[in-house]
């Protein structure tokens, strides 16, 4: 098999929401050179990483799987869609690192499928677009954010819930996006938000908790936690929520684990629980060309 494949044993660590005692502030990290970035992200393949998922929902933890799919592609700055032929519109084209974050889990009888897509320019400019959809047997919900030319983002929500319905909203200029941090960490962790910030929580969280899309006061940090690992963490006091992403401390800054603690469930049955993702396996592959029945064995290679 020509694909580059790496298998990782489950990480025998306890994912906690406060940094361990050995954690220390991070000095500037060795940023990747242009040649490193080009050699890794522009080889005509995508990086697929599978995670064992324990998803908090309805006051319980539900087993499932998650996949982080990172790939670069040409993107239209005006239309905010993938360009079919960037040579036809060179002034409109920008290279983005696209993240598709897939989660699948079951809640009792019925399944959930959640996909969030993030389009972040590799040149360090702000993310242009985020979209997220959730499908389950009751129906489906869709959210999207688009960067406006004058600054800020335009948002829309499509939901089958009466209380949410179809709605439009705005995210003011200067508000950071939690969803873009995953890509920022992969490109250069030095750019990750730190300190007191105004941040919009991830779209998946907003929909699973049915929380309005409003910027929140948050506290972010990046720390070394030993064994060649970094941990980026953001805390939202008003939401009583913490997200933690663990990654390698050198390029390509692979994500090793994630955890998210918040109140799960609704009404009196709501309890604080921690969603966790533990890295399993990785493939570097042109997955869009692997759609034959014989390619199904690659799902086994990812542990899916």
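Taking the inverse of the mean 1/r over every pair of distinct Cα atoms in segment 16-141 gives a Kirkwood hydrodynamic radius of 17.5 Å. Taking Rh as the Kirkwood radius computed over C-alpha pairs, what is the Stokes-Einstein D of segment 4-301 at 20 °C in a medium of viscosity 1.002 mPa s, expressed in µm² per second? Rounded to a whole number, D works out at 107 µm²/s.
Given R0 = 30 Å, the distance between the Cβ atoms of residue 136 and residue 84 translates into a calculated FRET efficiency of 0.35.
Full extension of the segment from residue 190 to residue 292, taken as 0.36 nm per residue of separation minus the current Cα-Cα distance, would add 32.7 nm. In percent, rounded to a whole number, the relative contact order of the chain is 22, using alpha-carbon pairs under 8 Å and six or more apart. Translational diffusion coefficient of segment 108-202 at 20 °C, 1.002 mPa s, Stokes-Einstein with Kirkwood Rh over Cα pairs, in µm²/s as a whole number. Approximately 146 µm²/s, per Stokes-Einstein. Modelled spin labels at residue 219 and residue 238, positioned 7 Å past Cα toward Cβ, are 1.7 nm from each other. Once the chain from residue 58 to residue 168 is taken as fully extended at 0.36 nm per residue, the excess over their C-alpha distance is 36.9 nm. Per-residue ellipticity at 222 nm computed for the chain from its helices equals -2500 deg cm²/dmol, with DSSP H segments shorter than 4 residues left out and the rest contributing -39,500 (n - 2.57).
P(r) tail, segment 146-192: Cα-Cα pairs separated by more than 14 Å, 63% of all pairs.
Read-outs: derived from the displayed coordinates by stated rules, not from any lab. Remember, predicted model here, so these are calculated numbers, not experimental data. Note that we place each Cβ from the backbone using ideal geometry, even for glycine, and neighbour counts take in every protein chain shown.
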